[in-house]
Structures are given as C-alpha cells and as structure tokens.
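Engineer: For reference, the structure I am asking about is given below.
Bear in mind these aren't lab numbers, they're just calculated from the coordinates by the rules spelled out. Remember, it's a predicted structure, so these values are computed and weren't measured experimentally. Please note: Cβ atoms are built from the backbone with ideal geometry, for glycine as well, and neighbour counts cover all protein chains shown.
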Amino acid sequence: MSIILENVNYIYMKKTPYEKTAIKNINLEIKRGEFIGIIGHTGSGKSTLLQHLNGLLKPTSGTVHVDGQDINLKGEAARNAKRSVGMVFQYPEHQLFEETVYEDIAFGPRNIGIEESEVDRRVKRVMDMVGLGFDQFAKRTPFQLSGGQMRRVAIAGVIALEPAYLILDEPSAGLDPRGRDEIFGQIIKMYKNTGITVVLVSHNMEDVARMANRLIVMKDGEISLDGSPIEIFSGFQGQLKAAGVSVPPLTALMNTFKQYGLAVDHTVVTMDAAVDSLLTVVGRR
Amino acid sequence: MEPFITVKDMCHIYAAQDGNEVKALDNINLSIYKGEFVAIIGANGSGKSTLAKHFNALLIPSSGTCHVNGLDTTDSANIWLVRQLVGMVFQNPDNQIVAAVVEEDVAFGPENLGVQPGEISARVTEALHVVGMEEYRYHSPHLLSGGQKQRVAIAGVLAMQSNCLVLDEPTAMLDPKGRQEVLSTVCQLHQERKITVVYITHFMEEAVAADRVIVMNRGKVVMEGSPAQIFSQVTRLKELGLDVPVAAEMAYRLRQHNIKIPEGIITDEELVVAICP
C-alpha cells in the first residue's frame with residue numbers, strides 16, 4: 001500500500017513561449033505509515049509534485065498510482081483512490097466558509113454522501129484530534145478564532161474525510177512560534193495515534209528535522225536527495241546549499257562548533273541533546 | 001536623531017462582531033527615527049499589524065496621535081501625503097500586485113500621483129535596479145517567485161519616492177532563499193539609501209538585523225532595545241510565546257550549567273568565540 005510515481009514529468013503551458021518543465025522524471029514511492037518532509041526552494045517543483053499526489057494535476061507523461069490504482073484513469077475506482085489522499089493547502093483557513101466550526105468540518109463528509117450520524121461521529125473525533133474542544137468550539141463561527149485555531153479547523157475538515165495519506169503544504173506559514181508548535185504538536189500526535197501517512201512541505205528545517213522520518217530535497221524539478229533527516233543534514237550540506245535550502249539553525253550552530261575544533265555531535269536535532277553534547281565536550285577540557 | 005514617526009498615547013479600538021470592543025492598541029508611545037531600522041516582534045494578535053497600519057494612515061488612532069514627518073494622520077488633509085511618505089509591503093505577494101507586467105506594477109504608484117511619463121519611466125528603471133529586478137521588467141508578475149514578487153512590491157514603494165518602508169511579515173510566505181533576498185534588499189536600502197525601515201516579523205534571525213527591536217504583547221509595547229539586549233532575555237521572550245535565536249538559547253542553557261558566557265550573545269559566531277577563545 002503506497003503512492004507510487006513513475007517517470008512523472010509535468011510541463012506548464014506546453015507549446016507556448018512560457019513552456020516550463022516544473023517536475024521531471026520523478027520516481028518516488030510514499031509508503032503507508034511514513035512521515036515525509038519535502039523541502040526545496042520556491043520553484044523547485046514541490047507544489048507541482050504535491051498536486052500530482054491526488055490528481056489535481058495530471059502528469060504530462062508518467063503515472064501516479066495510489067494503492068495500486070492509476071488515479072488519472074476515469075471511473076469510480078480512480079475517484080476513490082484520489083479521495084484517500086487528503087490535501088491541506090497553504091493558508092487553508094482562507095477556505096473556511098461555513099457559519100460554525102461544526103458545519104465547516106461536516107461539509108466534506110456530507111459532500112461525499114456520508115450519512116448524518118457518521119458525519120457527527122467524525123466531526124467529534126477530528127475536533128478532538130486537532131485539540132479543539134467540541135463543547136467550546138463546535139457552535140462558534142470559525143472567523144473569530146485565532147490564526148492557529150482557524151488553521152486547525154481547516155485541517156480537521158480534511159481529516160474528517162478520513163484520508164489514508166495527509167498532504168500538508170506549509171502548515172505553519174504565518175503562524176507565530178506558539179501557533180506553529182500547536183499545529184505541529186497536533187500533527188505529530190495524530191501521526192502517532194492513527195498511523196496516518198504524512199507528507200509535509202515546510203521551509204522550517206528545524207521542524208522537518210524533528211518530525212519527519214524521511215526527507216526529500218527537490219531541486220530544479222528533480223529529487224536531489226532522499227534519506228533520513230540526520231543523514232541529509234549532516235552529510236550533504238553542499239547539495240543542500242545548491243538546492244537553496246538551509247540546514248536547521250541548531251545544526252548550523254553545531255557545525256560551527258565543529259569547525260572550531262569542538263568534537264560535538266552535529267547530528268542532534270533537539271536543544272536538550274545539543275546542550276548535553278556541548279557540556280560533555282566542554283566539561284572534558 | 002530626528003523622529004520620523006511619533007506615536008503618543010495611541011489607542012486603537014475595534015468593534016468585534018459580537019459588539020464588544022477590542023483594544024488592539026493600548027496606550028502606545030514610541031518614536032521611529034529617520035534612517036532607523038526597527039523590527040517589531042510579538043505573538044499573533046499582539047497588535048503589530050494594527051500598529052504598522054497607523055504609520056501610513058490606513059488606520060487612524062481611536063485616541064492619542066500618530067505624526068508622520070510632523071503630519072498628524074488624524075487630519076484627513078494629510079492622508080495622501082503620509083501615504084506617499086510611508087510605503088507598505090504586506091505578507092502575501094499576490095495580494096499587492098495589480099498589473100500584468102512588472103514595469104506597469106512598479107509604475108502604478110507614481111502614475112496615481114500624477115508624475116510625468118518620462119519621470120515615471122526613469123523612476124521605474126531606478127527602482128527595479130535597486131531591488132535587482134531589472135531583467136524582469138517586461139515579465140508577468142504572476143510567474144515570479146515569492147521573493148521576486150516582494151522585491152517588485154518594494155520597487156513600487158521606491159518609485160513613489162517614499163522614504164519610509166513598512167513591511168508587515170514580508171517573508172512569512174517565502175522560502176529561505178526568498179527570505180534572504182527580501183531581507184538583504186531591505187538592509188541594503190537602509191544602509192545605502194538611509195531609508196527608514198519598520199519590519200514586522202516572526203523570524204528572530206531577521207529581527208537580529210535591525211538597529212532596534214520592539215516587542216509587543218496584548219496591544220502594548222513590552223520591551224524595547226538593541227537585538228542583543230532583547231534576545232538575551234530568553235525566559236521573558238518565551239513567556240511571550242516568542243522564539244529566540246538558537247545561539248541565545250544555547251548561551252542561556254549553558255549558563256544554567258554554570259558555564260561562564262558573557263551576556264548579549266545572539267549569533268552563532270559570538271557563542272562559538274565565547275566558548276572556544
């Protein structure tokens with residue numbers, strides 16, 4: 001069970017003067033249960049790649065299979081396969097439109113013909129998952145919540161469709177540090193509790209390093225690196241720089257220590273571990 | 001130094017949908033000096049954007065005053081002059097581009113001011129040169145990257161010959177490269193052209209580039225000082241829901257373990273030098 005992209009190419013505005021190959025020759029398998037971080041600078045093809053995962057874009061050439069089904073064919077089976085991939089766009093709170101939080105989350109499930117008692121069960125479940133108390137928030141208008149809360153309502157609306165794969169495009173953009181920690185905390189919790197597959201596009205390297213168990217670096221429409229965050233951040237800094245992405249600030253600091261001859265562990269991803277590593281080294285002198 | 005923007009006892013009150021009044025700004029007193037680069041940080045809802053919108057009279061104080069270059073923004077006769085003096089750049093690059101060609105977008109401001117066509121053309125050339133976007137003059141803005149779009153927006157402000165640039169989270173939607181492009185353009189304008197900059201951000205590593213940092217919380221200014229003074233107060237900033245640069249946090253944690261590190265460290269290099277002299 002996985003999403004498999006084979007030899008996928010996508011060309012925008014083909015046969016016009018603006019023709020541009022956005023992604024080329026992508027071969028990628030996203031297995032159920034993975035937590036994948038995708039990084040790369042603007043124009044590297046991240047968003048184009050994401051939009052292929054649930055059929056929003058059709059490859060110019062190549063195929064996309066979700067759990068064995070080619071999603072770009074016509075028919076019921078392809079439609080269902082696409083539905084198993086839930087997509088949360090950038091600034092999803094701009095897509096809220098209902099009068100209450102409950103109605104907004106219920107819209108998706110109702111739209112695909114889920115019966116009302118099941119809709120009710122799902123709304124309660126997903127509100128709990130994203131940390132919005134049902135009694136406190138269900139009847140409120142989504143438009144007077146904080147930015148972080150609105151975004152959680154929007155994410156809840158996607159999860160209510162019970163996708164096997166959850167794709168998140170920059171879920172922390174524009175949130176303050178507290179809002180960002182809330183969102184990522186909920187995503188990690190959901191991942192651990194439900195085993196949902198997560199594909200996360202983020203510019204926040206620190207969060208990607210902390211959360212993802214696999215990292216994909218995009219450059220000029222191609223996959224330039226694919227591996228664990230520790231491997232990539234500690235071993236491929238040249239390629240990261242070429243791809244226009246930076247290592248997490250903590251990794252950068254630890255690397256600077258190394259350059260000055262301190263034998264710290266530069267593969268740490270948390271501040272606690274970094275402090276411990278530094279104390280060991282400094283204590284030893 | 002001479003103040004360019006002076007805010008006295010300023011409050012701003014919004015009427016919320018439920019009819020209650022929300023005090024978005026609560027008795028603000030501050031000055032922004034000519035040629036200064038000020039960063040404003042604070043959690044969502046702390047009043048940063050509301051404050052910034054007073055600087056070019058998009059919002060008018062509910063009480064108190066805001067003067068820009070000596071002009072009272074509450075006097076409606078001053079509004080257009082204030083808006084010409086202070087240019088705004090917003091978070092979402094797509095919301096502030098109005099034309100189908102880059103040069104027309106940059107020309108939009110001066111055209112509205114009634115500047116002569118020859119002069120507009122010269123200003124557009126100059127402004128695009130300053131932000132490093134000359135080669136995109138005849139491009140369509142929607143095909144540019146986020147960082148490029150923001151630089152076009154900054155060029156639009158320059159073409160109006162504003163001498164103060166207010167940027168409200170200009171990099172929130174950008175990748176690290178785009179963020180770097182925008183920040184270095186802003187730093188360059190500040191250093192080379194002495195443009196007064198007010199820069200709102202959630203990215204502490206950007207705030208570090210400023211001359212002065214203002215911290216807001218619940219509609220009030222709660223801290224003010226140089227980046228080194230502000231970011232060495234790790235616990236206080238965390239209480240306010242803000243980040244600190246990694247080096248400042250590390251310095252703070254090491255001090256707790258009785259390792260002697262001087263105060264005021266905010267960059268990686270400063271910390272490394274303090275530890276390995």
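Engineer: At 7 Å along Cα-to-Cβ for each site, give me the label-to-label distance between A:F97 and A:E6 in nm.
Structural biologist: Here the modelled spin labels are 3.8 nm apart.
Engineer: While we're here: How far apart, in nm, are the 7 Å Cα→Cβ label points at B:T125 and B:V101?
Structural biologist: Label at B:T125, label at B:V101, 1.6 nm between them.
Engineer: Calculate one ³J(HN,Hα) per residue across the stretch A:256-272 by plugging θ = phi - 60° into the Karplus curve 6.51 cos²θ - 1.76 cosθ + 1.60, and present them in order as whole Hz with x for glycine and proline.
Structural biologist: Those phi angles translate into 4, 4, 4, 4, 8, x, 8, 7, 7, 7, 8, 9, 5, 10, 10, 4, 4 Hz.
Engineer: Also: Measure out, as a whole number of angstrom, how far apart the alpha-carbon centroids of the stretch A:231-275 and the stretch B:105-128 sit.
Structural biologist: Cα centres, the stretch A:231-275 to the stretch B:105-128: 46 Å.
Engineer: Just going by the charge dipole of the protein assembly as shown, with Lys and Arg at +1 and Asp and Glu at -1 on Cβ, which of B:A209, B:A247, B:V98 is farthest out on the positive end?
Structural biologist: The residue sitting most towards the positive pole is B:A247.
Engineer: Place a label point 7 angstrom from the Cα of B:Y33 along the Cα-to-Cβ direction, then list the residues of the stretch B:154-195 whose backbone nitrogen is under 18 Å away.
Structural biologist: Hits in the stretch B:154-195 for B:Y33 at 18 Å: B:164-165, B:190-195.
Engineer: Quantify how strongly other chains surround peptide A:260-270 by giving the mean number of their Cβ atoms within 10 Å of each of its Cβ atoms. Could you put the intermediate results ahead of the total?
Structural biologist: Working: counts 5, 1, 3, 0, 0, 0, 0, 0, 0, 0, 0.
Partner-chain Cβ atoms within 10 Å, mean over residues of A:260-270: 1.
Engineer: At 222 nm, what value in deg cm²/dmol follows for chain B if DSSP H runs of at least 4 each add -39500 (n - 2.57) and the sum is divided by all its residues, to the nearest 500?
Structural biologist: Working: 11 runs with 106 residues, N = 277.
That comes out to -11000 deg cm²/dmol.
Engineer: A follow-up question, please. Give the calculated FRET efficiency between B:Y14 and B:L81 to the nearest 0.05, with a Förster radius of 35 Å applied to their Cβ-Cβ distance.
Structural biologist: On the way: r = 26 Å, r/R0 = 0.74.
After rounding, the FRET efficiency stands at 0.85.
Engineer: Would you please put A:224-234, A:25-35 in order of how densely packed they are, using the mean number of other Cβ atoms within 10 angstrom per residue and starting with the highest?
Structural biologist: Result, highest mean first: A:224-234, A:25-35.
Engineer: Using the number of other C-beta atoms within 10 angstrom as an exposure proxy, rank B:F37, A:F97 with the fewest first. Please list the in-between numbers first.
Structural biologist: Working: B:F37 20, A:F97 10.
Taking fewest neighbouring Cβ atoms as first place, the list is A:F97, B:F37.
Engineer: Per residue of B:243-252, count partner chain C-beta atoms within 10 Å of its C-beta, then hand back the mean as an integer.
Structural biologist: Values: counts 7, 1, 2, 10, 5, 0, 6, 8, 0, 1.
The shielding value for this peptide is 4.
Engineer: Roughly how many debye, to the nearest 20, is the charge dipole of the protein assembly as shown about its Cα centre, given +1 on each Lys and Arg Cβ, -1 on each Asp and Glu Cβ, and no other charges?
Structural biologist: Numbers: 54 positive and 66 negative charges, 163 e Å.
Value, rounded to 20: 780 debye.
Engineer: How high is the relative contact order of chain B, given as a whole-number percent (alpha carbon pairs under 8 Å, six or more residues apart)? Please list the in-between numbers first.
Structural biologist: Values: 530 pairs, mean separation 58.4, N = 277.
Across chain B, relative contact order equals 21 percent.
Engineer: Still on this model: Count, for each residue of A:246-256, the Cβ atoms from other chains sitting within 10 Å of its Cβ, then give me the mean as a whole number.
Structural biologist: Values: counts 5, 0, 1, 8, 4, 1, 3, 10, 3, 1, 7.
Partner-chain Cβ atoms within 10 Å, mean over residues of A:246-256: 4.
Engineer: Please list log₁₀ I(q)/I(0) at q = 0.07, 0.08, 0.09 Å⁻¹ for the protein assembly as shown, using the Debye equation with identical point scatterers on the alpha-carbon positions.
Structural biologist: Normalising to I(0) and taking log10 leaves -0.46, -0.60, -0.77.
Engineer: Moving on to the next point. With a cut-off of 18 Å, note down the residues of the stretch A:24-43 whose backbone N falls inside the zone around a label point 7 Å from the Cα of A:T60 toward its beta carbon.
Structural biologist: Within reach of a label on A:T60, which here means backbone N under 18 Å from a point 7 Å along Cα→Cβ, the stretch A:24-43 contributes A:24-27, A:43.
Engineer: For chain B, give the magnitude of the charge dipole about the Cα centre (Cβ charges: +1 Lys/Arg, -1 Asp/Glu; no others), in debye to the nearest 20. Walk me through the intermediate numbers first.
Structural biologist: Numbers: 22 positive and 33 negative charges, 115 e Å.
The calculated dipole for chain B is roughly 560 debye.
Engineer: Provide, in order from the shortest bin, the percent of all Cα-Cα pairs of the stretch A:127-230 in each 5 Å bin, continuing until the bin that contains the maximum pair distance.
Structural biologist: The percentages, shortest bin first, are 2, 11, 22, 23, 18, 12, 6, 3, 2, 0.
Engineer: While we're here: If packing is taken as the mean number of other Cβ atoms within 10 Å per residue, what is the order of B:127-135, B:75-83, highest first?
Structural biologist: Values: B:127-135: 18.9, B:75-83: 14.6.
The most tightly packed comes first, giving B:127-135, B:75-83.
Engineer: Relative to the compact globular guide of 2.2 N^0.38 Å, what is the alpha carbon radius of gyration of chain A, as a ratio?
Structural biologist: That ratio works out to 1.09.
Engineer: If we count every other residue with Cβ under 13 angstrom of B:M160's Cβ, Lys/Arg +1 and Asp/Glu -1, where does the sum land? Could the numbers behind the result be given before it?
Structural biologist: Details: positive: B:R83, B:R123; negative: B:D105, B:E111, B:E119, B:E126.
Around B:M160, the surrounding residues sum to -2.
Engineer: Determine the sum of side-chain charges near B:C66: Lys and Arg each +1, Asp and Glu each -1, restricted to other residues whose C-beta is under 12 angstrom from that of B:C66.
Structural biologist: Details: positive: B:K8, B:K53; negative: B:D9, B:D72, B:D75.
So the environment of B:C66 carries a net charge of -1.
Engineer: Using only Cα atoms, figure out Rg for the stretch B:3-244 and give it as a multiple of 2.2 N^0.38 Å. Could the numbers behind the result be given before it?
Structural biologist: On the way: Rg = 17.8 Å, N = 242, 2.2 N^0.38 = 17.7 Å.
Ratio of Cα Rg to 2.2 N^0.38 Å: 1.00.
Engineer: Do you know the relative contact order of chain A, to the nearest whole percent, from alpha carbon pairs under 8 angstrom that are 6+ apart? List each step's numbers first, then the result.
Structural biologist: Numbers: 516 pairs, mean separation 60.2, N = 285.
Rounded, it is 21 percent for chain A.
Engineer: Along the charge dipole of chain A, Cβ charges K/R +1 and D/E -1, which of A:H203, A:A243, A:Y165 sits furthest on the positive end?
Structural biologist: With unit charges placed on the Cβ atoms, the residue in question is A:A243.
Engineer: Here's another thing I want to ask about it. By count of other Cβ within 10 Å, fewest leading, how are B:H190, B:H54 ordered?
Structural biologist: Exposure proxy ranking, most exposed first: B:H190, B:H54.
Engineer: What 222 nm value per residue comes from the helices of chain A, counting each DSSP H run with n ≥ 4 as -39,500 (n - 2.57) and dividing by all residues, nearest 500 deg cm²/dmol?
Structural biologist: On the way: 12 runs with 121 residues, N = 285.
The per-residue figure over chain A is -12500 deg cm²/dmol.
Engineer: If I model a spin label at B:E134 and B:S184 as a point 7 Å from the Cα along the Cα→Cβ vector, what separation in nanometres do I get?
Structural biologist: 1.8
Engineer: If we sort B:4-10, B:87-93 on the protection proxy, mean other Cβ atoms within 10 Å, highest first, what's the order? Display every interim value, and only then the final one.
Structural biologist: Working: B:4-10: 19.3, B:87-93: 20.9.
Ranking the peptides B:4-10, B:87-93 by packing returns B:87-93, B:4-10.
Engineer: Can you give the net charge of the other residues whose Cβ lies under 11 Å from the Cβ of B:H190, counting K and R as +1 and D and E as -1?
Structural biologist: On the way: positive: B:R193, B:K194; negative: B:E36, B:E192, B:D211.
Result for the neighbourhood of B:H190: -1.
Engineer: Most exposed first by the Cβ proxy, i.e. fewest other Cβ within 10 Å, how do A:I71, A:I114, A:I105 rank? Write down the numbers at each step before the final one.
Structural biologist: Working: A:I71 24, A:I114 18, A:I105 30.
Ordered by Cβ neighbours within 10 Å, fewest first: A:I114, A:I71, A:I105.
Engineer: Taking the Cα centre of the stretch A:166-231 as origin, sum charge times position over the Cβ atoms of Lys and Arg (+1) and Asp and Glu (-1), and report the length of that vector in debye to the nearest 20.
Structural biologist: Values: 7 positive and 11 negative charges, 66 e Å.
Dipole about the Cα centre, nearest 20: 320 debye.
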